[in-house]
Amino acid sequence: MFCTALRALTAAVLLAVPLAVPAAADSARPAAPLPLAAAVDLLPSAVESRDGYQRSRFRHWTDADRDGCSTRAEVLIAESRTEPAVAAGCRITAGEWYSFYDGITLTAPGGLDIDHMVPLAEAWDSGAFAWTAMRREAYANDLDADRSLVAVTARSNRSKSDQDPADWLPPLADARCAYAVAWVATKLRWQLSADDHERAALAELAAGCGQERVDYEPAA
């Protein structure tokens, strides 16, 4: 069963980064994490199009390891700050979760959404339209990177919707640098592109994020 250390706003974002060459050319991990601004520069540039997108093209909340727990349940278990209560059928009934988008702590899982750091529609626009159904499923259920999927308040997730950082940022200002790191790392992990509007917003964020660095592992 997927089990990682509890994740919090101050935790390091461990995802995936290629060498200091274009991401499409080489997906090997560098010897050291990259400054956020340098990681933004590695994002491939492309015009985005949502033609043909349907959410159903990304099969999600599967049980890839067949342990009886869906992807949603796995994230709730991993991110609970206390031992979560798990009922029959891997139904999570209680725990303690910190929604880093808005700084709210919840103890009832019903108030949480599992957010795709880079939304499914945005992933489609940025290159996933060309993937196989199997790769899109792997993306939608990515449990191998701590910030690919995050438990956040339903309200904040629905406010974000399918927007990129040019149009939406976490309401908690202190979360925005961590959010930018997680966003860029996820895109690099999956070799997803960024359009000019998104890239400009990320570069502006990076300029105000001091020594934030990006580390990630390329998706298989």
Diffing segment 103-111: the Karplus 3J(HN,Hα) column from phi (6.51, -1.76, 1.60, θ = phi - 60°), in whole Hz with x for Gly and Pro, holds x, 9, 9, 10, 10, 10, x, x, x
Under a Gaussian network model of the chain whose springs join Cα atoms within less than 10 Å, the largest fluctuation of ALA78, ALA201, ALA145 belongs to ALA201
Length-normalised contact order of the chain, Cα under 8 Å, at least 6 apart, in percent, tallies to 34
Percent relative contact order for segment 54-111, counting Cα pairs under 8 Å at least six residues apart, stands at 21
Charge tally for neighbours of ALA64 with beta carbon under 15 Å away, counting Lys, Arg as +1 and Asp, Glu as -1, is -2
In degrees rounded to 10, the 0-90 angle between helix 176-189 Cα long axis and the longest Cα principal axis of the chain is 80
Yeah, segment 89-134 with a ≥ b ≥ c from its alpha-carbon gyration tensor (a/c under 1.5 is rounded, else prolate when a/b outruns b/c, oblate otherwise) is oblate
Under the 7 Å Cα-to-Cβ spin-label approximation, ALA32 and ASP174 lie apart by a distance in nanometres of 2.9
Among VAL47, VAL118, VAL181, the residue with the largest mean-square fluctuation in a Gaussian network model of the chain built from Cα contacts under 10 Å is VAL47
Excluding ligands, DNA and RNA, the carbon-plus-sulfur percentage of the accessible area of the chain with a 1.4 Å probe reads 52
Note on the chain, DSSP bridge orientation, antiparallel percent to nearest 5 equals 75
Restricting to Cα pairs under 8 Å and 6 or more apart, the percent relative contact order of segment 113-218 works out to 33
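The values are calculated or read from the model by the stated rules, or taken from the named source; none is laboratory data. Model, not experiment: these values are computed from the prediction. FYI the Cβ positions are ideal-geometry reconstructions off the backbone, even for glycines, and counts take in every protein chain you see. Heads up: the accessible areas ignore ligands, DNA and RNA and are worked out on the full protein's heavy atoms, side chains in. Shrake-Rupley method; radii C 1.70, N 1.55, O 1.52, S 1.80 Å.
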